[in-house]
Amino acid sequence: MIDFLTHHVSHFYAASIMVFFGFLLTLIGYVAAKLLNQRYPKLPVVIAAIVFVVALLALCDWHYQAYAQTVAPLFNRLLGYATVALAIPLATIRFDQLPIKRLLALFTFATLLGSLLPMGLAHGFHLSQPDVLAFATRAVTTPIALNVAALIHAPLVLASFIVIFSGILGAALSPLILRNINDERAAGFALGLAAHAIGTAQAWQRSTIAGEYASFGMAVNGVVTALWVIPLLS
């Protein structure tokens, strides 16, 4: 099917059709994952969507690299918009009721541990300096991570992989780790800090309150991490 589109349609129309087809394929995978999540609520939507998309790519005989190159410009732009839009729920949070001093201490600990620990492990495995620097972006969402990686001269592909993999891992393990956490604010905050955008998406699946606090944790942690990583490591 993919070969037919690329060989029998003019180049101008083929590019647009392939982008639309890639978007449609991804949307179908996401909708299927949402339906499955309604039957099995503990199954993370992001994980299920990835499985469905991979299966659809195999069914269409479309190599992942070609798919990624086709849809990357569209999804990178949409990801930026989605990240900025996550600030909207912050307007509903009562900041006057938050323990600011404790939160500042928590953000400081989280951003340092989230970057320095993986960097230390990478250094212990004798990775090259640029590869070690890529691990400094582990705790922030993809758009911020890619900008930080570019400024500190870390490999963009590796930084992207680290961020996405840690987000997927955090979202997959969150039902197990947070099963005894009854405070939705704490659960959302933990997901936003540890698993950034993918964790925040998982938090919205949990509850509105968890989603709001995950957005808050992800946004502030991203800014704080960028503020100290760029001056010290660039």
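The values are calculated or read from the model by the stated rules, or taken from the named source; none is laboratory data. Please read these numbers as outputs of a predicted model, since none were measured by experiment. Note that each Cβ is placed from the backbone with ideal geometry, even for glycine, and that neighbours are counted across all protein chains shown.
Considering (1) over 16 Å from residue 114 (Cβ atoms); (2) without any contact (Cβ under 8 Å) to a residue 60 or more places away in the chain; (3) touching a Lys or Arg at 6+ places or on another chain (Cβ under 6 Å), say which one residue 128 fails and leave the rest.
Answer for residue 128: the failing condition is (3).
Just one of 167, 192 is at pLDDT below 90, in contact with a His (Cβ under 7 Å, 6 or more places away or on another chain), of a type outside the set (A, V, I, L, M, F, W, C) and within 23 Å of residue 47 (Cβ to Cβ); which is it?
Working: 192 fails: in contact with a His (Cβ under 7 Å, 6 or more places away or on another chain).
Only one candidate passes the filter, namely 167.
So, in the stretch 194-220, exactly how many residues are in a helix (DSSP H, G or I) and either small (Gly, Ala, Ser) or surrounded by fewer than 24 Cβ atoms within 10 Å (Cβ to Cβ) (or both)? Don't jump to the end; show me each part of the working.
Our first condition is that a residue be in a helix (DSSP H, G or I); within the stretch 194-220, this holds for 194-206, 208-220.
Checking the rest, the ones that are also either small (Gly, Ala, Ser) or surrounded by fewer than 24 Cβ atoms within 10 Å (Cβ to Cβ) (or both) come to 194-195, 197, 199, 201, 203-206, 208-211, 214-215, 217, 219-220.
So the answer is 18.
Anything in the stretch 52-95 that is among the aromatic types (Phe, Trp, Tyr) and surrounded by 14 or more Cβ atoms within 10 Å (Cβ to Cβ)? List them, or say none.
Going residue by residue through the stretch 52-95, those that are among the aromatic types (Phe, Trp, Tyr) are 52, 62, 64, 67, 75, 81, 95.
Across the stretch 52-95, the qualifying residues are 52, 62, 67, 75.
Report, by residue number, each residue of the stretch 181-193 that is of a type outside the set (A, V, I, L, M, F, W, C) and part of a helix (DSSP H, G or I). Working first, answer last.
Keep residues of the stretch 181-193 that are of a type outside the set (A, V, I, L, M, F, W, C), which gives 182-185, 188, 192.
184, 185, 188, 192, listed by residue number.
Of 145, 171, which residue is under 21 Å from residue 230 (Cβ atoms), surrounded by 20 or more Cβ atoms within 10 Å (Cβ to Cβ) and either outside the structural domain of residue 15 (by TED's automatic domain parsing) or within 15 Å of the chain's Cα centre (by Cα) (or both)? Don't jump to the end; show me each part of the working.
On the way: 171 fails: under 21 Å from residue 230 (Cβ atoms).
Exactly one residue qualifies, and that residue is 145.
For residue 132, are the conditions met, namely being in contact with a His (Cβ under 7 Å, 6 or more places away or on another chain), assigned to a helix (DSSP H, G or I) and within 23 Å of residue 195 (Cβ to Cβ)? Steps first, please.
Values: in contact with a His (Cβ under 7 Å, 6 or more places away or on another chain): yes; assigned to a helix (DSSP H, G or I): yes; within 23 Å of residue 195 (Cβ to Cβ): yes.
Yes; evaluated as a whole, the condition is true for this residue.
It is to be established whether one or more residues within the stretch 22-41 are under 26 Å from residue 146 (Cβ atoms), outside any helix (DSSP H, G or I) and out of contact with any strand residue (DSSP E or B) (no Cβ under 6 Å at 6 or more places or on another chain).
So the first thing to find is which residues in the stretch 22-41 are under 26 Å from residue 146 (Cβ atoms), and the list is 22-27, 29-30, 33.
Next, from what is left, pick out any that are outside any helix (DSSP H, G or I): none.
So far as the stretch 22-41 goes, no, none of its residues is under 26 Å from residue 146 (Cβ atoms), outside any helix (DSSP H, G or I) and out of contact with any strand residue (DSSP E or B) (no Cβ under 6 Å at 6 or more places or on another chain).
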